[in-house]
Amino acid sequence: MSVIVLVEHTAGTIKKKSLEAVQYASEIAKKLGTTATAVIAGKVEETELKNLGGYGAQKVLYVADDRLNELHARAFTRVLVAAAKQENSPIIVALHDVNGRAIAPRVAIQLKAGLISGALSYPDTDKGFIVKKSAFSGKAFAFVNVNSDVKVILLAPNSFPLVKADGEAVIENFNVSFEDKDFGIKVKSVDVITGEVPLSDAELVVSGGRGMKGPENWGLIEDLAHALGAATACSRPVADSGWRPHHEHVGQTGGTIRPNLYIAAGISGAIQHLAGVSGSKTIVVINKDPEAPFFKAANYGIVGDVMEVLPRLTEAVKKFKA
Ligand code: FAD
């Protein structure tokens, strides 16, 4: 018996949030007196696979099939169901992201498992199997009790700090027979999003809203992000207006991030925006309107004009780092 965890990678590099999922699965496994097994598919180097041992995976089930470098939900479902059966797994962990949300419900149906999405805590097994998750776009928490024999958990990324230990995982080649229909969706092209720091993995994020007035002022956001080593993000109207690319838009209809630091410049703090950022450890809000709703969610607030405050912050960060 082991807890299994689906691991994602980008062109062979394992995603940081997947390392967190491995660590999460391994902590649950320890609690149950068992081990964690990582499941990964596509083209990944051996060293990268072994490295999963440092995050608590004793074993890696590796499906060496290049077709699985892309998301094929049916094929990945087949992989996870086969792995869960082989390992007699009571718990299957994946990430609460686009991939996890496409695969986990299919796995849950096939294994007759209960599904907990957006998990923020380890399960409390004293009175059942209770996991904390966010509800109402981050305005509240729900505590979900699942009583099925098998459970599928989608972990909300950036919920736990990552700690690497020594250790190498044992790699086992895992063969799964697929059908053509498992690859029924054809990926026509992939946009590789470049940037100094990928937003989903970023510990520090500088974000701009309509208060930035226009794309010509985005240099102020980028300068601060560059000085901090941060990623950049934006509110939805900013992306809708074409000031910034859509992959930077965070919120209910955009990405969900949980960085250690989120600096919001010229963003009002609408509930739909907060839905994507309220899990940030520290929120700093810069807004010229002292009544802006975002100040209620902020740890630190600066009432002022972004055009003046941002350059001064950038200067201060540069001085501090010098
Ligand atoms: P505004 O609301 O226009 O706020 C601009 C802020 O900048 C104001 O608070 C103003 O005081 C301040 N400001 C202006 N000038 C300056 C200056 N010089 N210096 C300092 N501050 C200044 N929004 C999202 O962001 N993400 C989502 O995922 C999302 N999903 C949505 C889903 C639905 C179904 C709906 C209905 C809406 C959604 N929205 C989303 C939109 C959301 O409701 C808000 O309209 C949006 O977040 C507002 O963006 P903003 O704060 O940049 O702009």
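Computed from the coordinates by the stated procedures, all read-outs in this text should not be read as laboratory data. Everything numeric here is computed off the predicted structure, so don't read it as measured data. Glycine gets a Cβ as well: all are built from the backbone with ideal geometry, and neighbour counts include every protein chain shown.
Modelling each spin label as a point 7 Å along the Cα-to-Cβ direction, I'd like the Lys288/Asp149 distance in nm, to one decimal.
Label-label distance for Lys288 and Asp149, simple model: 6.4 nm.
Counting just the Cα atoms, what span does region 233-322 cover along each of its three principal axes? Round to the nearest Å and put the largest first.
Principal extents (Cα only, largest first): 37, 27, 24 Å.
Thinking of region 182-234 as a set of Cα atoms, what percent of all their pairs are more than 16 Å apart?
Details: 719 of 1378 pairs.
Within region 182-234, distances greater than 16 Å cover 52 percent of Cα pairs.
Which of Glu203, Glu87, Glu216 moves the most in a Gaussian network model of the chain with Cα springs under 10 Å?
Largest GNM mean-square fluctuation: Glu216.
Place a point 7 Å from Cα of Glu222 in the direction of its Cβ. Which residues in region 248-272 have their backbone N less than 16 Å from it?
Backbone N within reach: 248.
Of the candidates Ala21, Ala38, Ala298, which one comes out as most mobile in a Gaussian network treatment of the chain with C-alpha springs shorter than 10 Å?
Among Ala21, Ala38, Ala298, the largest GNM mean-square fluctuation belongs to Ala298.
Over region 207-286, what is the relative contact order in whole percent, taking alpha-carbon pairs under 8 Å and six or more residues apart? The partial results should precede the final answer.
Details: 138 pairs, mean separation 24.5, N = 80.
It comes to 31 percent, rounded to a whole number.
Taking 2.2 N^0.38 Å as the expected size of a compact globular protein, what ratio does the Cα radius of gyration of region 94-148 give against it, to two decimals?
Details: Rg = 11.7 Å, N = 55, 2.2 N^0.38 = 10.1 Å.
Here the answer is 1.16, to two decimals.
Once the Cα gyration tensor of region 1-68 is found, what semi-axes does its equivalent ellipsoid get, as square roots of 5 times the eigenvalues, in whole Å, sorted largest first?
The equivalent ellipsoid of region 1-68 has semi-axes of 21, 11, 9 Å.
Compute the convex hull volume of the Cα atoms of region 107-235, divide it by the residue count, and report the result per residue in Å³ as a whole number.
Values: hull volume 30.7 nm³, N = 129.
Cα convex hull per residue, to the nearest whole number: 238 Å³.
Place the peptides 115-128, 167-180 in order of packing, highest mean first, counting for every residue the other Cβ atoms within 10 Å and averaging per peptide.
The packing order, highest mean first, is 115-128, 167-180.
Taking the convex hull of the alpha carbon atoms in the chain, what volume per residue do you get, in Å³? Can you show the working numbers first?
Numbers: hull volume 46.0 nm³, N = 322.
Spread over its residues, the Cα hull of the chain gives 143 Å³ apiece.
Below 8 Å between Cα atoms, with a sequence gap of 6+, how large is the relative contact order for region 137-231 in percent? Mind dumping the intermediate values first?
Details: 32 pairs, mean separation 23.0, N = 95.
Computed over region 137-231, the figure is 24 percent.
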